[in-house]
Amino acid sequence: MSRFFTRKSPRRCLITFCLTLFIAALLTGCGDSGPKKAKVPKVVPDFSLTSLDGQTLTRDSLKGKVVVLDFWATWCAPCRAAIPHLVTLYETYKDQGLEIIGVSLDQGDQSDVEEFVKRNHIPYPIAMGDKKPITKDLGISSLPTIILLSKQPSIEFKVVGFNAEIANKLESKIKELLAK
């Protein structure tokens, strides 16, 4: 065996200490793998979006409805995974006062988004949100980001990502808000 492994040298102690720190840093960085809850103000900033079919959507025009704002993009796999669930929610609860607005953050041609919407039979309004103040005002930094607004409107739920747990929590919160 080499001298490195048989004697306690200052070099060996330093290397052991550094490795221990490195492993500790890795382990503490793993954290919760659940959905990331982003911080956002409860007050909904004023916004105006135009849907692909030309409809103007504003904060004030949505008062009295429970609203899901889905920030997504066609290239985002978790975003695409969320869409069938959102379509089901929309079809199930729209007559009870639910509105879903998809805000596409695609930077390409709007016709690509229109084609995607048509191909995926998305029945709720889709607006182009790239370079719109709403993305900054609501702190959108990752996709998908889903924000649930109450009838007042205030922000009741915001989550980044999509999985079965998020889907269940979202539906539960929608039911709760519709019942109020």
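Conditions: (1) closer than 21 Å to PRO153 by Cβ; (2) crowded, with 18+ Cβ neighbours inside 10 Å. GLY97 meets all but one. Number of the miss?
(2)
Taking the criterion of being at pLDDT 95 or above, part of a loop (DSSP other than H, G, I, E, B) and either open to solvent by less than 80 Å² (accessible area, probe 1.4 Å) or touching a Leu at 6+ places or on another chain (Cβ under 8 Å) (or both), would at least one residue in the range 76-92 satisfy it?
Of the range 76-92, the ones at pLDDT 95 or above are 76-92.
Filter once more, keeping what is part of a loop (DSSP other than H, G, I, E, B): 76.
Keeping just the survivors that are either open to solvent by less than 80 Å² (accessible area, probe 1.4 Å) or touching a Leu at 6+ places or on another chain (Cβ under 8 Å) (or both) gives 76.
Yes - at least one qualifying residue is present in the range 76-92.
Each row is one residue, and each column tells you yes or no for (1) closer than 14 Å to LEU49 by Cα; (2) of a type in the set (A, V, I, L, M, F, W, C).
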residue	(1), (2)
LEU69	yes, yes
GLU91	no, no
LEU98	no, yes
GLU115	no, no
ASN120	no, no
GLY139	no, no
THR145	no, no
LEU149	no, yes
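Of the numbered conditions (1) modelled with pLDDT under 95; (2) open to solvent by less than 70 Å² (accessible area, probe 1.4 Å), THR28 satisfies every one except a single condition; which is it?
(2) is the only condition that THR28 fails.
The values are calculated or read from the model by the stated rules, or taken from the named source; none is laboratory data. Keep in mind that this is a model prediction, so the values were computed, not measured. Counting neighbours? That spans all protein chains shown, and the Cβs are built from the backbone with ideal geometry, glycine included. All accessible areas refer to the heavy atoms of the entire protein, side chains included, with ligands and DNA or RNA removed. Shrake-Rupley method; radii C 1.70, N 1.55, O 1.52, S 1.80 Å.
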